[in-house]
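Working notes, structure below.
The values are calculated or read from the model by the stated rules, or taken from the named source; none is laboratory data. A quick note: this is a predicted structure, and the numbers were derived from the prediction, not measured. Virtual Cβ from ideal backbone geometry, glycine too; neighbours counted across all protein chains shown. The area values use the complete protein model at the heavy-atom level, side chains included, leaving out ligands, DNA and RNA. Shrake-Rupley method; radii C 1.70, N 1.55, O 1.52, S 1.80 Å.
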Amino acid sequence: LKQSEQLYRSVVEDLTDLLARCLPDGTRTFVNDAYCKYHGKSRDELLGSKIWDQIPPRDRKKIKRSFAKLTPENPVSIYEHRVLRPDGKLALNEWLDRAIFDDSGTLREIQSIGRDVTEQREAEARMREAQRLESIAVLASGIAHDFNNLLTPILIYSEGLRSYFADGSVESSQVLQIQAAATRAKELVRQILTFGRKGDES
């Protein structure tokens, strides 16, 4: 039994994941070395204290709701919450909780395995943003091509229309304004195509 306990403790303490146990009211009853290092506190400082101490109020409600849903039939819960690191920065933790019930079905303790997923979630957010921008670029390029097709006959026909009017006339001036507006629009189309990374600026 003693050897088994030593082996168990060795495995637990060598884990890089955060491991903790607490009572239903959030009082810590066990923490491993990784947990202590993550929070920058000793085991003596953490044991007996509440898990809520480093957790923002809004996230505390989420954890308490998760605890309340644990039953002998459904003893496992997975969730994420923010936590205040020793450097004062907020980080994001992912936790897997397993409830421990006695023979009468009363919740006695909750064992939690967690890890910091801050960088992972930030990378995922950047990936989603990049995908969103790529979708916008593809859509913009398609619209730009269609708009370009509309502008081409405007420029061609307005050039032909000028020959019907004398230079300096009101009508000739109006045609020139049409051409100038279409040319500016064509430049805008070119910029949109560049944004869309199509390389087709015609």
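Values computed for the structure shown
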{"read-out": "Contacts under 9 angstrom Cβ, first residue in region 139-157 being within 10 Å of V189 (Cβ to Cβ), partner assigned to a helix (DSSP H, G or I) and hydroxyl-bearing (S, T, Y), 6 or more apart", "value": "L151/T183"}
{"read-out": "In region 83-117, residue most open to solvent (accessible area, probe 1.4 Å) [restricted to those that are more than 20 Å from P72 (Cβ to Cβ) and part of a loop (DSSP other than H, G, I, E, B)]", "value": "K89"}
{"read-out": "Test for S163: is it at pLDDT below 85 and loosely packed, with under 11 Cβ neighbours inside 10 Å", "value": "yes"}
{"read-out": "Condition met for A166 (over 30 Å from E73 (Cβ atoms) and within 45 Å of the chain's Cα centre (by Cα))", "value": "no"}
{"read-out": "Positions within region 118-149 being within 17 Å of L92 (Cβ to Cβ) and open to solvent by less than 40 Å² (accessible area, probe 1.4 Å), in sequence order", "value": "T118"}
{"read-out": "K41 vs. criteria over 12 Å from Q111 (Cα atoms) and in contact with a strand residue (DSSP E or B) (Cβ under 8 Å, 6 or more places away or on another chain)", "value": "no"}
{"read-out": "Subset of region 39-68 (residues that are exposed (fewer than 14 other Cβ atoms within 10 Å of the Cβ), outside any helix (DSSP H, G or I) and touching a helix residue (DSSP H, G or I) at 6+ places or on another chain (Cβ under 9 Å))", "value": "S42"}
{"read-out": "Residues satisfying the stated conditions in region 166-181, i.e. open to solvent by less than 60 Å² (accessible area, probe 1.4 Å) and of a type in the set (S, T, N, Q)", "value": "S169, S172, S173, Q179"}
